[in-house]
1. Val336: accessible area at probe 1.4 Å, nearest 10 Å²?
2. If I stretch the segment between Phe19 and Lys477 completely, what's the gain in nm (0.36 nm per residue apart, minus their alpha carbon distance), one decimal?
3. Could I have the simple spin-label model distance between Glu466 and Arg55, label points 7 Å from Cα toward Cβ, reported in nm to one decimal?
4. Near the amide H of Leu179, under 5 Å away, which other amide H atoms are found, from residues 5 or more places off or on another chain, if H is placed in the peptide plane?
5. Find the accessible area per residue for the chain; the probe is 1.4 Å, ligands and nucleic acids are left out, and the unit is Å².
6. Equivalent-ellipsoid semi-axes (√(5λ), Cα gyration tensor) for the stretch 370-496, whole Å, largest first?
7. Students often get this wrong, so check it: of Lys64/Lys183; Lys183/Lys222; Lys183/Lys332; Lys42/Lys64, which have C-alpha atoms separated by over 20 Å?
8. With everything on Cα atoms, drop me the angle between helix 434-455 and the longest principal axis of the chain, reported from 0 to 90° to the nearest 10.
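The values are calculated or read from the model by the stated rules, or taken from the named source; none is laboratory data. None of the values given here were measured: they were computed from a predicted structure. Heads up, the Cβs are rebuilt from the backbone with ideal geometry, glycines too, and the neighbour counts pull from every protein chain shown. We work out accessible area using only protein heavy atoms, side chains counted, and drop any ligands, DNA or RNA first. Shrake-Rupley method; radii C 1.70, N 1.55, O 1.52, S 1.80 Å.
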Amino acid sequence: MSDWSAIEALPFPKLVDLFDGDPERLSRFSLDLAGLHFDWSKTHLTADAVAAFARLAEAQGLAKRRDALFAGEHVNVTEDRPVTHTHERGEGDAADVDTARRFHERMRALIDAIEADALGPVRHILHVGIGGSALGPDLLVDALGRADKRYDVAIVSNIDGVALEDAFARFDPAATLLLVASKTFTTTETMTNAASVLSWMEEHGVADPYGRVIALTAAPDKAVEWGVDDTRVLPFAEGVGGRYSLWSSIGFPAAIALGWERFAELLAGAAEMDRHFREAPLERNAPALAAFADLYYTQVRHAETRAPFAYDVRLRLLPPYLQQLEMESNGKGVTVDGQPVGRPTAAIAWGGVGTDAQHAVFQLLHQGTHLVPVEFIACIEAGDTLAPDHHRQLLLNAFAQGAALMKGKQADDPARSYEGNRPSSTVLLDALTPRALGALIAFYEHRVFVNGTLLGINSFDQFGVELGKEMAKAAAKGGGDFDPSTTDLIRRAGLN
Ligand code: F6P
């Protein structure tokens, strides 16, 4: 049997029977590291399934590819580049780690300068960037930046001017620092937003708007050409992919809002996960086990989606962050050799925030006809200071939902029956610290990498986003070869 046919032949046992049949199940399929507790015992992973995936991992050269990634080899084959986000947190090839360290020193020095008022008064930070240049920093600031509000930060991504005007309404132009975050420094949305911020500053009497700009980019020359002074360009390496870039200068708003020490703890937490990923055997390796469960559901049970739910408002931006990480990385149709991949790739990631989601979409999870692997993410330590009851109920709801999905309930009335045997996994953080969040995000990155490697695809390019952008650019110039429907829409909106 080929490695995939062994996997496709894996059974679909009843989860409750798996617990009954193996008193060690919980300890076998849970583990603790870096302030995180992982529990996959309510998934259909079994020792046999893990062994089958481990054989596939061997056949797909997972260990070799993982080592090549950390060694800075060109694992991003379609773009002929290394993949160096782990180097940002000090793990991997010494030269790449050193480059990242030097870039971090520049970030740190600029933060010190801002804090010493060298750039004038700064109370508001307006970060413009999109995709990976927004989702990661937004998640960090929203998750960790509540307790100690050193600066008021707004992260604006959309080219819809409403988003920018909302920030203008809150901010004082004379006390605003503009961060232009773009790996390529060419992205239409970001460059349009950045230009509008400069105009807004100018209109409100800021004498030298360009003097209030910091560029976060892997294309420093373009930033200088655009008008940013070289001393305020914070570069990062080309090998850091957009959706993997929050560890680099793209994380600047988090580093300044949280303070450097907390940003360094975030990097250290991620590095703990990196070391675990490199060293732990596959059957005790968190990113690998999570990816095996993902692949079991996408390849064996044909699940088309997966749903992470953050049972913590501070992590409300985690699901959208994961959407880009997982879908842009693994939503591919061809293998690294350019052959049709021939099987489903990334699950569509959706999800939301508990308990709100329970009162909106959980009906489908419990009784709908789709199989949706659910992931609960929660923190033991409360983020609020209200009476303990809020947090107690929040956590109990998360745990009860997982139990209900698995156990189900039979009733005489079919409409009131729950078939059960619906999988879920849980990630429980001791507390929402920078270290735990860093480890959590790194866990998802490596899980994506394992999924991609076992599928034989390149998780680090994103050519699929280009065509639509090209067509929009052609239309903006009054050109483009459009179908009758699109031509009519352009005409109706008065855009031609
Ligand atoms: O269009 C997709 C994308 O290229 C993402 O991969 C990236 O995170 C985002 O756009 C922003 O790109 P940049 O940082 O170059 O502005």
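1. 60
2. Fully extending the segment from Phe19 to Lys477 adds 158.7 nm.
3. 3.9
4. Under 5 Å from the amide H of Leu179 lie the amide H atoms of Leu126, His127, Val128, Ile214, each far enough along the sequence or on another chain.
5. 43
6. 43, 24, 20
7. Check vs 20 Å cut-off fails for Lys64/Lys183; Lys183/Lys332; Lys42/Lys64.
8. 70
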